[in-house]
Amino acid sequence: MAALASLAGEGRARISVRDGWEEDQAMYEDGFNPRIAKMCAWSGVVFCFMWLIAGTAISGYQYVPPPSAALPAGQVASDYSTKQLALMIAVTVMNFSTIAYITWGVVVSLMVKKVEGEWPLLFNIQMVSLAVCAVVILYLAYFWAAATWRAGETLPEITQLMNDLGWLGVLYTGAPFASYQIALGLVTLADRSEHPVYPRWSAYYNFFVSFFMFEAAGILFFKTGPFSQNGLFVFWLPIVFFFVWIVLFSWLGARAVQAEVARREAA
């Protein structure tokens, strides 16, 4: 009876070992579930893998590396019609990668919600931004899917338009991603606890990456050169730093979950 009372005092509801759960993966009475939280944190890596493998190998390297925005409509339509099935599969994978992005973003933000106490303004900014980001990821796949679905059946200019809308979705829609990164960086700097959820240097990386979300909007002004769709400053630098950011916070998020478990165990 004393042992049961001790467990209740810790606020933890244990799951039996026969269910395959380790002791430090038990669900707590307040709903905190380390196993699910860690899975969500590492789902950021799943998102990176799904999106990049779809954009490269599955699509026949249609999207990564990106084609020139200066290609004529006939060439764009020809690419879509000759790779139609591969592109259908690729954009479908991109579509469902949104699930992994959402689960990753929620746990990364939830781990620092407590920093703001009863007024989680920055947390709510992150949640709204995350929702918009999810729509962006869905719609860029949606436009590329539309280009693929009717490839060879519609005017080349229509296929080119759908392709352009997809690329604008990738590079011109950095605002919600930047607002998420800035809010996450600010709440990280606001964490003055003895053991902060995320290290302070990660806040500055958030600000650093957010700059490239703004810079990628340069796609609208150039069709060739380093600030174009396939240029160094609009595509390659933003995309590399973006995916590094997701992998970084997958690791930091999982580490934060484990630190929360340790804190509760020590209480």
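Values quoted throughout were computed directly from the atomic coordinates according to the rules given, and no laboratory measurement underlies them. As the structure is a prediction and not an experimental result, all values here were calculated from the model. Cβ placement follows ideal geometry from the backbone for every residue including glycine, while neighbour counts extend to all protein chains displayed.
Quick notes
- Screening the chain for DSSP H helices whose Cα atoms reach 27 Å or more along their own axis and whose mean Kyte hydropathy is at least -1.0 gives 34-53, 84-110, 121-149, 237-266.
- Rounded to the nearest 20 debye, dipole of the chain from Cβ charges on Lys, Arg, Asp, Glu: 180
- For the stretch 154-246, the set of GluC sites (Glu not before Pro) satisfying both a DSSP loop assignment and a count of at most 12 other C-beta atoms within 10 Å is given as E194.
- All lysines inside 20 Å of K114 as judged from Cα atoms, apart from same-chain residues fewer than 8 positions distant: K38
- Per-residue ellipticity at 222 nm computed for the chain from its helices equals -22000 deg cm²/dmol, with DSSP H segments shorter than 4 residues left out and the rest contributing -39,500 (n - 2.57).
- Evaluated at q = 0.10, 0.16 Å⁻¹, a Debye calculation over the C-alpha positions of the stretch 37-266 (equal weights, vacuum) places log10 I(q)/I(0) at -0.48, -1.05.
- Toward the positive end of the charge dipole of the stretch 37-266, with +1 on the Cβ of Lys and Arg and -1 on the Cβ of Asp and Glu, the farthest Cα among N163, G60, Q258 is that of Q258.
- Only Cα pairs under 8 Å and 6+ residues apart enter the sum, and on that basis the relative contact order of the chain stands at 22 percent.
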